[in-house]
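What follows is calculated from the coordinates using simple rules that are stated; it is not laboratory data. The model shown is predicted, which means the values in this text are computed figures rather than measured ones. Methodologically, a virtual Cβ is constructed for each residue, glycine included, from the backbone with ideal geometry; neighbour enumeration extends over all protein chains shown.
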Amino acid sequence: MEKIRKHIIMYGQVQGVGLRYQIRHAASRFGVTGWVRNLYDGSVEMELEGLREDIGAVLEAAGHALWAEIGDIQSKVIPVQNDSGFEIRY
């Protein structure tokens, strides 16, 4: 199986609800690398790298975040960077 990398932006009630920590936890659980951060417009941006189904599992876990209400997701495949971990950026 081949690794991919996705650039993703989530819109809705996604800041101040623990979503970045939920994503970091899920990424660790499924072996996905990359990063996540809040944007000034109230959205959350991330890059996730791993197997397609593992990235899907991280996004599914994000959808179950208790207080988050994800209204829209924009996603595109970008070149793999071979990250060694996952970080929350500020």
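Numbers at a glance
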quantity: Subset tally (residues that are in contact with a helix residue (DSSP H, G or I) (Cβ under 8 Å, 6 or more places away or on another chain) and at positive phi) for segment 8-36; calculated: 2
quantity: Those residues of segment 23-59 which are charged (D, E, K, R), in contact with a Lys or Arg (Cβ under 7 Å, 6 or more places away or on another chain) and touching a residue at least 40 places away in the same chain (Cβ under 8 Å), in sequence order; calculated: Arg37, Glu47, Glu49
